[in-house]
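Taken together, the values in this text are just the output of simple stated rules run on the coordinates, not laboratory data. Since this is a predicted model, take the numbers as computed values, not measurements. Reconstructed Cβ throughout: ideal geometry from the backbone, glycine too, with neighbour counts over all protein chains shown.
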Amino acid sequence: MLPGAAPVVAADVQQDKPVAGEDEQPVVLPVITVTANPSNEIGYVATQSTTGTKTDTPLIETPQSISVITRGQLEAQNVNSLAEVLRYTPGIQGETFGFEPRVTQLRIRGLDAATTGLYRDGLQLRNPGFAIGYSLEPYGAERIEVLRGPASVLYGQGSPGGLVNYVSKRPTRPIIDFCKCLRKISKK
């Protein structure tokens, strides 16, 4: 320590710090009650995915990067092709060679996924050749899930960049058996 600084330190120690007086009363704050209703899952945020584990697992428990494009987001964007759906998804390029409505060209994380990276309801849609490809329309999709990174443990041979899983809509009403309806009509 410097010799000239010692008196300053000693002066700081000798000063009495003001102590709160005993005559002061503590301040009592009013009670605040917080109430809220549980939020409905309205909007674009999905909480579940079937692509990362092949089970209906919450996204927070899935050990891979997954993006889910929900039906609400598809309707809000008013898209006409899978390439248009994937425009706002990070790490994926759906229009590799420009706009092409006949086939879907995919690049996920910079790696080609056009031949092995497209799935429908968990089943791979193989691209059989150069001029033949798939063009999935978004009208029949409940949601579209993008899994980034290798997934060969779950899906077999595929692109190391990831995959796109097109989840089809399911009927909301029970299916009517046409034969039963005909029998009822013929008995009358």
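Descriptive notes on the structure:
- Computed E for residue 76/residue 126 - FRET, C-beta separation, R0 35 angstrom, nearest 0.05: 0.65
- Amide H contacts for residue 44 (H built 1.01 Å from N in the peptide plane; partners 5 or more residues away or on another chain; cut-off under 5 Å): none found.
- Each of 84, 61 was scored by other Cβ atoms within 10 Å of its Cβ. Listed from fewest to most, they are 61, 84.
- Estimated inter-spin distance, residue 157 and residue 56, nm [label 7 Å along Cα→Cβ]: 3.4
- Remark on residue 114: its backbone amide H falls under 5 Å from those of 106, a criterion applied only to residues 5 or more positions apart or on other chains, H modelled at 1.01 Å from N.
- Annotation for residue 28 and residue 64: the two label points, set 7 Å from Cα along the Cα-Cβ direction, are 6.0 nm apart.
- Order of 166, 134, 44 under a 10 Å beta carbon neighbour criterion, fewest first: 44, 134, 166
- Estimated FRET transfer efficiency when R0 is 22 angstrom, pair residue 134-residue 87 (beta carbons, to 0.05): 0.75
- Taking region 30-129 and dividing mean pair separation by its residue count, relative contact order in percent (alpha carbons under 8 Å, at least six apart): 14
- Taking the number of Cβ atoms within 10 Å of each Cβ as an exposure proxy, the fewest-first ranking of 126, 87 is 126, 87.
- Three-way shape call for region 48-168 based on the alpha-carbon gyration tensor, with the a/c threshold at 1.5: oblate
- Under-5 Å amide H pairs with residue 143, H placed in peptide plane, nonlocal only: 167
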